[in-house]
Amino acid sequence: MTEDDTQTLTVMMTEVSTKIQVLLDKQDELADNIAKIKEAVYNPDKGLYARLNRLDSRLDQLEAWKNANAKVMWVVVSVGIGLVLTTAWQTIF
């Protein structure tokens with residue numbers, strides 16, 4: 001091997017070593033990100049599933065209120081129509 005080949009080989013090995021170090025750093029960063037995602041999803045009090053459960057219960061309450069309100073509105077409209085018809089009937093006869 002010549003001096004030039006040895007230098008080239010040394011430079012290539014240095015580049016490979018640098019790239020491997022970058023890969024290791026990125027792998028550590030990826031592991032940290034995955035840990036944060038797992039914490040956000042699976043934390044029983046503040047995680048994504050807990051927030052979805054609270055949202056579902058709020059939506060159920062809202063739907064129950066809407067159904068009750070719709071029934072009341074039908075009663076009010078029916079009574080209003082009945083009063084108008086009664087008044088018209090009394091006016092005609």
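Any read-out appearing in this document is the output of simple, stated calculations on the displayed coordinates, not a laboratory observation. Given the structure is predicted, the values throughout are model-derived calculations rather than measurements. Heads up, the Cβs are rebuilt from the backbone with ideal geometry, glycines too, and the neighbour counts pull from every protein chain shown.
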Check: Restricting the first residue to the range 15-40 and requiring it to be in contact (Cβ under 8 Å) with a residue 60 or more places away in the chain and closer than 24 Å to ARG51 by Cα, which pairs with a second residue that is part of a helix (DSSP H, G or I) and of a type in the set (Val, Ile, Thr) meet a Cβ separation below 6 Å and a spacing of at least six or different chains?
Finding: none
Next item on the list: Go through the range 1-60 and give me each residue that's among the hydroxyl-bearing types (Ser, Thr, Tyr) and in a helix (DSSP H, G or I).
Entry: THR6, THR8, THR10, THR14, SER17, THR18, TYR42, TYR49, SER57
